[in-house]
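Shown next, in structure tokens, is the structure this report addresses.
No value in this document is a laboratory result; all are computed from the given coordinates. No experiment lies behind these values; they were computed from the predicted model shown. Cβ placement follows ideal geometry from the backbone for every residue including glycine, while neighbour counts extend to all protein chains displayed.
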Amino acid sequence: MRMNQAIAAALADEMTADPTVVVFGEDVAVAGGIFKATEGLQEKFGERRVRDTPISEMGFIGAAVGAAATGLRPVAEIMFVEFLGVALDELVTEAAKFHYLSGGRLRVPMVVRASVGAGLGFGGQHSQTLEHWFTATPGLKVAVVSGPQSAYDLTRAAIRDDNPVVVLEPRALYAQRGEVERGDQRLGPLGKLRKVRSGDDVTIVALGQMVGVANEAAENAGWTADILDLQTLVPWDREGVLGSVAQTGRLVLVEESPLTGGWGTEVASWVASEGFKHLTAPIVRITCPDVPVPYGKELEQRFLPSAEYVHEQVSELLKTGERPRSWWETREG
């Protein structure tokens, strides 16, 4: 399946298993979503369960909060994660707080899906990842998919969770193909990482489309790496990361986010404080620079960490035992 097909399959399987699951958003019904991640759902489940909405994120995210609090499991699609800016009050102030403010009487089992990320030339206002908008909000869970199987598993797990969950989908991966095992046997609670590759020299933790970049960087590299797909940022698998670092002694984080405030700061801080005795070299964060995502194709590709760049950074760390400088810190960058 392509990744967008895997998402549609996950939604269909959950809707078949649970009649309280409903889907709505802009163009998700008749058109099947602008990225075709909900294609065929209205034909199969009808207009009451799969609905198009007006162009009002504030309105339909608010509707999702109310629907979830009164017995449904809504899945709302946001075309581009930036559009959630107008609905953050409904998500972070209302949905994330209802369970706490009600003394545990109310649950808000809703999912907000949003496309994210650079690589397709959508420009600075439609190419961000923005996971930091959500990770500092108690009451929200945050997952990031990295391919077809990941998208299928995390989407179904998010729908089954009794808390509001934001699922971020790198749009550059929608057309990526891969084998997808459907069914319940792989499903577990959110918060567990996935090991992509095993190695001895370094632990590389990545997220979203950077998982494939990191894995490509490790092919025929001259060194071996434990490559970990973190999968969820809230909660994240502290034991899994620390266990790998205890074996390799080195940690590299590959992020499609700006250096300042990126998700890797939390992982690096925790590993440095809890696993310092295991480290034989500085923790390295490979990130994007602190600039808006460029529109021009060559600039956008330079902005994103590439497999070649990750390979160079890890190789230099292993060779020198010191943090390699980012490309924008050097004159030749």
Förster-model FRET efficiency, 41 Å R0, Arg302 and Ala31, C-beta, rounded to 0.05: 0.75
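Quote to one decimal, in nm, the extra length available between Arg177 and Glu316 on full extension: 0.36 nm per residue of separation minus the C-alpha distance between them. Don't skip to the answer; put the middle values down first.
Values: separation 139, 0.36 × 139 = 50.04 nm, distance 3.26 nm.
Contour length minus the Cα-Cα distance gives 46.8 nm.
Per the Kirkwood formula on distinct C-alpha pairs, the Rh of the range 3-173 is how many angstrom?
Numbers: mean 1/r = 0.0639 Å⁻¹.
Roughly 15.7 Å, rounded to one decimal.
Sort Thr155, Thr137 so the one with the fewest other Cβ atoms within 10 Å of its own Cβ comes first.
On the way: Thr155 27, Thr137 19.
Going from least to most buried by this count: Thr137, Thr155.
Please work out the ratio of the alpha-carbon Rg of the range 194-329 to 2.2 N^0.38 Å and round it to two decimals. Show your work: numbers first, answer last.
On the way: Rg = 13.9 Å, N = 136, 2.2 N^0.38 = 14.2 Å.
Compared with the compact-globule rule of thumb, the range 194-329 sits at 0.98.
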Classify the range 80-201 as rounded, prolate or oblate from the Cα gyration tensor: take a ≥ b ≥ c as the square roots of its eigenvalues, call it rounded if a/c is under 1.5, otherwise prolate when a/b beats b/c and oblate if not. oblate
Could you give the length gained on full extension between Lys195 and Tyr100, defined as 0.36 nm per residue of separation minus the Cα-Cα distance, in nm? 30.8 nm
Output for the chain (equivalent-ellipsoid semi-axes, sqrt of 5λ from the C-alpha gyration tensor, Å, descending) is 34, 21, 19
Give me the angle, in degrees from 0 to 90, between the Cα long axis of helix 264-274 and the longest principal axis of the Cα atoms of the chain, rounded to the nearest 10. 60
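With an 8 Å cut-off on Cα pairs and a minimum separation of 6 or more residues, tell me the relative contact order of the chain in percent.
Values: 717 pairs, mean separation 49.4, N = 333.
Result for the chain is 15 percent.
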Angle between the chain longest axis and helix 148-160 axis [Cα atoms, degrees, rounded to 10]: 50
Distance between the C-alpha centers of the range 127-164 and the range 202-221? Whole Å please. 20
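Over the range 3-173, what is the relative contact order in whole percent, taking alpha-carbon pairs under 8 Å and six or more residues apart?
Values: 341 pairs, mean separation 41.0, N = 171.
Worked out over the range 3-173, it gives 24 percent.
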Quick one: angle between helix 307-320 and the longest Cα principal axis of the chain, in degrees between 0 and 90, rounded to 10, please. 40
Percent of beta bridges antiparallel (DSSP, the chain, rounded to nearest 5): 15
